[in-house]
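Note sheet for the following structure.
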Amino acid sequence: MLMPTPAPPLRNAMSIDVEDYFQVSAFAPYIRREDWNGLECRVERNIDRILALLADRQVHATFFTLGWIAERYPQVVKAIVTGGHELASHGFGHERASDLSPAAFLDDIARAKQLLEDLGGVPVVGYRAPSFSIGKSNLWAFDVLRDAGYRYSSSVYPIAHDHYGMPDSPRFAYPVREGLIEIPVTTLRMGSRNLPSSGGGYFRLLPYALSRWMIRRVNEADGEPAVFYFHPWEIDPGQPRVAGIDAKTRFRHYVNIPRTHGRIARLLDDFRWGRMDEIFLGREAGSRSSAPLLSPA
Ligand SMILES: [Zn+2]
């Protein structure tokens, strides 16, 4: 009797939020936006290292790129596109969507999209809000994203967290408006809670084997691709230290940074990876989900 051929492992989505260490939202109380221009930039060399790491593994990823960075480092945008990666938008000025009016939000995301498309010479259809700042209070942001021509968002984190999160929202890609899907970064369901399993500070804090186990669980038990994210500054032990910050912010930002480049290399070896648009827009948007469209807030 023939044994059934095992299905090939799922392809997960690898994503990078292209911004520099001083633009992290948790540093906002300590670093004035007006001072960004005078700070040492590290993003270009860090993106070079990431591009080399991905090229070495023949992985294509999605780069949610900040307009502020693209304007100053157009060569970074070009290198991302030349490498075969998806160029996507992280907005222009890294303000939380929840801090902006609908008009100011439109301004920010439309400006970033135009700039990235001009520099990269490719359509930009994906958006990730700074600090996952789309939630219950600003679901109007989905209307604005659709109107600006985006096709997907990866901006709602279905966890409880002090800075962001909408813990009762769907864990996997779902339609939010006609022509727009939300692709949440990955969580693992444990009891009645969603645990973050997809990058950021948690990936640096937890042992690598636990992170790998959580992604495997999502692939095997949920049958869904994982969406992983990291930042260029997370692989940069040489970044300037921000002085005078509180202990929690310091711990969250700097924990295990010297280990992260190696851990991401292992992650690339341990799973199959691809671009967000290829994994989630390649199929009929929303066909995997029967969830109704979220009603406008
Ligand atoms: Zn960001």
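Read-outs throughout are calculated quantities, based only on the coordinates presented, and are distinct from any laboratory measurement. These figures come from a predicted structure and were not determined experimentally. Here Cβ is always computed from backbone atoms with ideal geometry, including for glycine, and neighbour counts include all displayed protein chains.
Worth a mention:
- Within straight-line reach of Lys113, meaning a Cα separation under 17 Å, sit the following aspartates and glutamates at least 8 residues removed in sequence or on another chain: Asp17, Glu19, Glu71, Glu86, Glu95, Asp143, Asp147, Asp277.
- The label-point distance for Arg33 and Ala247, in a model that sets each label 7 Å from Cα toward Cβ, rounds to 3.2 nm.
- Using the Cα coordinates of region 1-147, the gyration tensor eigenvalues translate into equivalent-ellipsoid semi-axes of 29, 21, 15 Å, sorted from longest to shortest.
- Length available on full extension from Lys136 to Glu278: 0.36 nm per residue minus the Cα-Cα distance, which gives 48.3 nm.
- Label-to-label distance, Arg189 versus Asp107, with points set 7 angstrom from Cα along the beta-carbon direction: 4.2 nm.
- Less than 5 angstrom separates the built amide H of Glu86 from those of Ala61, Thr62, Phe63, all sequence-distant by 5 or more or on a different chain.
- Rounded to the nearest 5, the antiparallel percentage of DSSP beta bridges internal to the chain is 25%.
- Computed lengthening from Thr82 to His161, 0.36 nm per intervening residue step minus Cα-Cα distance: 24.8 nm
- The HN-Hα couplings worked out from phi for region 230-239 by the Karplus form 6.51 cos²θ - 1.76 cosθ + 1.60 (θ = phi - 60°) are 8, 10, x, 5, 6, 10, 10, x, x, 5 Hz, whole numbers, x standing for Gly and Pro.
- Amide H contacts of Trp273 (H built 1.01 Å from N, in plane; Pro and chain starts excluded): Asn12 sit under 5 Å, all sequence-distant by 5 or more or on other chains.
- Our coupling estimate for region 95-102, obtained by passing each phi through the Karplus curve with A = 6.51, B = -1.76, C = 1.60 and θ = phi - 60°, is 8, 4, 4, 6, 9, 10, 6, x Hz, Gly and Pro reported as x.
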